[in-house]
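Have a look at the structure below before the remarks.
The values are calculated or read from the model by the stated rules, or taken from the named source; none is laboratory data. On a predicted model such as this, the values are computed, not experimentally measured, just so you know. So basically every Cβ, Gly included, is an ideal-geometry build from the backbone, and we count neighbours across all protein chains shown.
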Amino acid sequence: MTAKNGKTVALRSVGCRTNQEEITLLGAELAARGYRLMEEITEADVVVINTCSVTSCSESKTRRLIGAVARKAPRARLLVTGCLAQQRPEALAADPRIRWVVGNAHKDRIASIIDNVDGAVFHSRPDAPVWGGEAIPDTNDTPRTRFPLKIQEGCNYTCAYCIVPSLRGPARSRPWTEVIERCIGAADAGFREIVLTGTHIGQYRDGARGLAELVEEMLGLSRDFRIRLSSLDPRDVTPRLLDLVAGDTRLCPHLHVSVQSLCGTVLKAMGRPYADHESFAVMLHEFRRKAPRVAVGGDFIVGFPGESDGMFETTRGWVERIGFCYGHVFRYSPRPGTPAATFTNQIDEQEKRRRSRLLINTVRSTRRRFVESVIGVRERIIVEKRSPVMGVTGNYIRVELPETSARRGEWLTIVPSDYDARRDRCRATVVAEENV
C-alpha cells in the first residue's frame with residue numbers, strides 16, 4: 001500500500017460517456033502534477049467523484065456512490081464534481097464528508113483546487129469553456145488505448161425531458177486549431193484511437209466549419225490512428241457525414257444516434273420535432289442497406305408521457321427494420337425542472353418495464369443478426385488487453401484471441417469467428433495482411 005503523502009488520488013464516475021472521458025482527462029492532468037492514480041479508494045488521499053443527475057435514478061446512484069466511498073475510505077478527502085454538484089451545490093456542501101464541491105464550469109481547475117485550496121464550493125453558471133487539462137497521458141501509464149478528445153460542451157436544444165442544458169450550459173466549441181493540435185499530440189503519444197467527445201458533438205462549430213469538416217481535416221493528418229465518433233443527434237446525421245463513415249477506413253464504421261423515439265407524435269411531445277423523422281428513419285435504413293458493415297447504435301426512451309402501445313410499436317418496428325446493432329434503453333423518469341415532469345399523461349411503471357424488456361429483446365435480436373453477418377470479414381483491432389488478447393473492431397464488436405500474443409496498443413488484422421451472445425463477444429484469429 002502506498003503511504004499517505006497528499007499525492008495519491010482515486011477517480012470514480014457515474015453516468016454518461018462524457019463523464020467517463022472527463023475523468024480520464026482529469027487523471028492525466030493530476031498525473032502530470034505528480035499525483036499517483038490509485039485503483040483502490042482506501043489507498044488514496046483524495047477521491048474525486050464525477051456525478052450525474054440527468055435522471056432521478058442516476059442521482060440516486062450518485063448519492064449511493066458518495067456514501068459508499070465515504071464509508072469505505074473515511075480518511076480520504078472527497079471532491080464531488082459534475083452535474084449533481086452543478087445542480088445541488090448547497091446540499092453537497094452541507095455534507096461533512098465532502099471537502100470540495102466543484103460545478104461543471106470549474107472542472108478544468110480541479111487539479112489546481114486540490115493542490116491549493118483546503119476546501120470550498122466552486123459554482124457558477126455552466127457556460128465557461130471547459131475542455132479539461134492539457135496533459136496527455138503516456139500510453140505506458142494508462143490502461144486506456146483510446147484517447148477522448150473533447151471538442152464541444154453544452155447543448156442548444158430544449159428537449160422536454162432533459163435537464164442537461166441547465167447543468168452543462170449552451171453549446172460552445174473548442175477552437176479548431178486546438179482540436180487538431182490535441183489530436184496530433186495524442187497520436188504522437190501512442191494513442192491509436194481518437195474518440196471525439198462532448199455533450200453534443202454535432203453542434204461543433206468554428207466559424208462556418210462543423211463536425212464533418214473537422215473530421216475531414218483530422219483524416220488528412222499523417223498519423224497512425226483511427227477516429228471514432230461519440231453520440232450524435234439525428235439532426236446531425238447528414239449525407240456528408242454518412243459518406244465519411246462508410247467510405248474512409250480511418251473513420252470507425254460506427255454511429256451512435258440518440259434517437260430516443262422513432263414515432264413523430266412522441267418526438268413532438270419530447271420537444272424534438274425533426275423536420276421529417278420518417279425521412280431520417282428511411283435514410284438510416286437505406287444507409288444500413290448500402291453499408292451493412294457499419295454498426296448503428298442508439299439511445300431510446302420508453303414510456304414517455306402519452307406514448308401509446310401503437311407509438312411504442314412504431315419505434316420498435318423501425319429498430320427492427322433499420323437493424324440497430326445495439327441500444328441503450330431507458331425508462332422515462334420525471335425530472336423536476338423539466339416540462340415533461342408536469343405532463344398529466346404519465347405511463348405506469350409496470351408498463352414502462354414491459355416496453356423496456358420488449359425493446360431490449362428486439363435490439364438483442366438485431367445485434368446478433370448484425371454480428372453474425374460480419375463473421376468471417378477482415379477487421380482491425382487495437383489490442384486493449386493481453387491475457388487473453390482482446391480488442392474492439394471499428395464497428396464495435398468485442399473480440400478475444402485466446403491463442404495470440406500481442407502488445408497492448410498494437411494493431412492486429414483479425415477475422416471474427418463464433419459469437420457468444422451471452423458475453424457479447426466473438427472469438428477471432430489473426431490474419432496476415434498479405435493473406436487476406
How many residues of region 12-46 are small (Gly, Ala, Ser), in contact with a strand residue (DSSP E or B) (Cβ under 8 Å, 6 or more places away or on another chain) and modelled with pLDDT of 85 or more? The answer is 4
### Query
Condition test on Arg289, is it closer than 21 Å to Val371 by Cβ, surrounded by fewer than 20 Cβ atoms within 10 Å (Cβ to Cβ) and of a type in the set (D, E, K, R)?
yes
Only one of Val195, Val257, Val215, Val296 is in contact with a strand residue (DSSP E or B) (Cβ under 8 Å, 6 or more places away or on another chain) and in a helix (DSSP H, G or I), namely Val215
Checking Leu241, Leu221, Leu262, Leu255 in turn, the sole residue that is over 17 Å from the mean Cα position of the chain (by Cα), in the same structural domain as Val302 (by TED's automatic domain parsing) and surrounded by 22 or more Cβ atoms within 10 Å (Cβ to Cβ) turns out to be Leu262
Residues of region 57-104 being surrounded by fewer than 17 Cβ atoms within 10 Å (Cβ to Cβ) and of a type in the set (A, V, I, L, M, F, W, C), in sequence order, are Cys57, Ala68, Ala91, Ala94
Over region 353-386, the set of residues among the polar types (S, T, N, Q) and out of contact with any Phe, Trp or Tyr (no Cβ under 6 Å at 6 or more places or on another chain) is Ser356, Asn361, Thr362, Ser365, Ser373
By residue number, the members of region 174-188 that are part of a loop (DSSP other than H, G, I, E, B) and buried (at least 16 other Cβ atoms within 10 Å of the Cβ) are Arg174
If you go through Cys16, Cys52, the only one that is outside the structural domain of Ala189 (by TED's automatic domain parsing), touching a helix residue (DSSP H, G or I) at 6+ places or on another chain (Cβ under 8 Å) and in contact (Cβ under 8 Å) with a residue 12 or more places away in the chain is Cys52
The residue that is nearest to Val431 (Cα to Cα), considering only those in region 381-407 that are among the charged types (D, E, K, R) and surrounded by 16 or more Cβ atoms within 10 Å (Cβ to Cβ), is Glu400
Residue set Thr199, Thr158; condition under 25 Å from Phe304 (Cβ atoms), of a type in the set (Val, Ile, Thr), out of contact with any Ser or Thr (no Cβ under 8 Å at 6 or more places or on another chain) and touching a residue at least 24 places away in the same chain (Cβ under 8 Å); output residue Thr158
Checked region 13-64 for anything part of a loop (DSSP other than H, G, I, E, B) and either within 23 Å of Pro148 (Cα to Cα) or hydrophobic (A, V, I, L, M, F, W, C) (or both); matches are Val14, Gly15, Cys16, Arg33, Gly34, Tyr35, Met38, Glu39, Ala44, Cys52, Ser53, Val54
Region 366-436: strands (runs of 3 or more DSSP E) wholly inside it with 2 or more residues that are within 17 Å of Pro292 (Cβ to Cβ) are 411-420
Considering region 299-331, residues that are out of contact with any Leu (no Cβ under 7 Å at 6 or more places or on another chain) and basic (Lys, Arg), and then whichever is nearest to Thr366 (Cα to Cα), we arrive at Arg321
In the set Val54, Val46, the lone residue that is farther than 30 Å from Pro334 by Cβ, surrounded by 13 or more Cβ atoms within 10 Å (Cβ to Cβ) and not basic (Lys, Arg) is Val46
